[in-house]
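Participant: Take a look at this one; I'll ask things after.
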Amino acid sequence: MGLASAGKTTVFNALARAKVEVATYAAAGSEPHRAVVQVPDARLDKLAALFKPKKVTPAEVRYVDVAGSLQSASDAAQASQIIGQLRTSDALLLVIRAFASDVVPHPLGSVDSLRDLKILAEDLVLNDLTVIEKRLERLDRDLRFVKAGPSEAVRERELLIQIKEALDKGRPIRDLGLSDADLKSLRSYAFLTAKPWMVLFNTGDSPDGIDKVVEQARAMLPFAQTEVTSLAGRLEMELSELEPEEAEEFKTALGIAELGLNRVIQLSYRLLNLISFLTVGPDECRAWTIRRGSTAVEAAGQIHTDLARGFIRAEVVGWEQLLAAGDWNDAKRQGIVRAEGKTYVVQDGDVMNILFSV
Ligand SMILES: Nc1nc2c(ncn2[C@@H]2O[C@H](COP(=O)(O)OP(=O)(O)O)[C@@H](O)[C@H]2O)c(=O)[nH]1
Ligand SMILES: [Mg+2]
């Protein structure tokens, strides 16, 4: 999401390596573009080089390029359509213009990245506040006539008041450290400030002075589950459209070690509180996505429900240890493959083999 002409579609294209038409006149309110993006993973690459499987399957993140922006929506219907699209996401990626250009007009007449960030952030806070105020009115009405109201309604009212006070000061819901039970009771609202945010400054090809802006933005939003970074969107989009060898040549010529978009994809993954465990074998080496803190049986269920249902135990070894051992059977002989039960908390980069009965 972001203001018009901030470079949302450009960044989306870079991330998706897809070629959606970059338009100055976004067809606001039209269907959003979606892309499934593979998460670059050096661990998986190294294991694949060792096991030479038929297939390598990285973890994935989905990105949506929401057409149009809240700030330039022509009417309430269009704004609510955009809000609807934002609410269904797990995290928000705020694309902020940080490139100068005489040919691309800025909707506010000048390029001022921190001003734009403030506008976006305030609109999102305002949106949650509006939802809360409506709900509180309703709860107050319902509770007025009951002496001892139903306890859930009372608790919900207290929680919403607490959140409202924080939002009034500009503090987002994701920063309040709410309990799982409270978060669960709020889930149906899909509050926009409860989601993790990534602020992405879209810079020109030579991003002079962006570090300072990033630093100021971090100071503006010193909140949990909030990441601030930058990307030379157009340059990265152009690089992503080249053939791999050609892209390498350009990167060398430009002195770019690692694509910025790889960093952004990995950051998205981390922001969502996701980790990967890996499976290896001659058929497939694969990275599987789980929430941080998931147990071995939950991880097994990610592969197949049968594996969770008939779970016996998991054989687990760290990816680096496996790489050093050179082979699964050697790793077992060396005694570095552990047997773990259902409740084992899976670690990022664990290589697992699930034993199960059907
Ligand atoms: N000069 C310059 N133009 C850019 C850059 N990034 C995007 N643009 C241009 O800005 C315009 C709007 O970009 P677009 O991605 O469609 O913005 P959106 O409305 O946020 O989706 C397009 O003409 C892009 O080519 C950049 O880094 N430098
Ligand atoms: Mg666009």
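Participant: Surrounded by 16 or more Cβ atoms within 10 Å (Cβ to Cβ) and at pLDDT 90 or above, is that true of residue 126?
Facilitator: Judged against the criteria, residue 126 is not a match.
Participant: Let me ask you something else. Considering only residues of the stretch 82-107 that are part of a loop (DSSP other than H, G, I, E, B), open to solvent by less than 40 Å² (accessible area, probe 1.4 Å) and closer than 26 Å to residue 188 by Cβ, which is nearest to ligand 2 (Cβ to nearest atom)?
Facilitator: Here the answer is 89.
Participant: Collect the residues in the stretch 52-81 that are hydrophobic (A, V, I, L, M, F, W, C) and buried (at least 18 other Cβ atoms within 10 Å of the Cβ), keeping them in residue-number order.
Facilitator: Passing the criteria: 56, 59, 61, 66, 67, 70, 79.
Okay, residues lined up against (1) under 17 Å from the mean Cα position of the chain (by Cα); (2) under 28 Å from residue 135 (Cβ atoms):
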position: 174; (1), (2): yes, yes
position: 177; (1), (2): no, yes
position: 187; (1), (2): no, yes
position: 190; (1), (2): yes, yes
position: 196; (1), (2): yes, yes
position: 205; (1), (2): no, no
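Participant: When the residues of the stretch 21-37 are filtered to those that are more than 8 Å from ligand 2 (Cβ to nearest atom) and over 19 Å from the mean Cα position of the chain (by Cα), which remaining residue is modelled with the highest pLDDT?
Facilitator: Residue satisfying both the conditions and the ranking: 31.
Participant: Which members of the stretch 233-256 meet the condition of being at pLDDT below 85 and assigned to a loop (DSSP other than H, G, I, E, B)?
Facilitator: 255, 256
Participant: Next up: Before we move on, is residue 227 open to solvent by 20 Å² or more (accessible area, probe 1.4 Å), away from ligand 2 (no atom under 16 Å from the Cβ), modelled with pLDDT of 90 or more and closer than 17 Å to residue 7 by Cβ?
Facilitator: Answer is no for this residue.
Participant: Considering the stretch 322-342 alone, what residues qualify as being open to solvent by 50 Å² or more (accessible area, probe 1.4 Å) and touching a helix residue (DSSP H, G or I) at 6+ places or on another chain (Cβ under 7 Å)?
Facilitator: 323, 334, 342, listed by residue number.
Participant: Mind checking which pairs have a first residue in the stretch 244-266 that is in the same structural domain as residue 200 (by TED's automatic domain parsing) and surrounded by 11 or more Cβ atoms within 10 Å (Cβ to Cβ) and a second that is hydroxyl-bearing (Ser, Thr, Tyr) and not in a helix (DSSP H, G or I), Cβ under 7 Å, 6 or more apart or different chains?
Facilitator: Hits for this filter: 264/229.
The values are calculated or read from the model by the stated rules, or taken from the named source; none is laboratory data. Not measured: the values here are computed from a predicted model. Cβ: placed from backbone, ideal geometry, glycine included. Neighbour counts: every protein chain shown. Note: accessible area is taken over every heavy atom of the protein model, side chains too, but ligands, DNA and RNA are not part of it. Shrake-Rupley method; radii C 1.70, N 1.55, O 1.52, S 1.80 Å.
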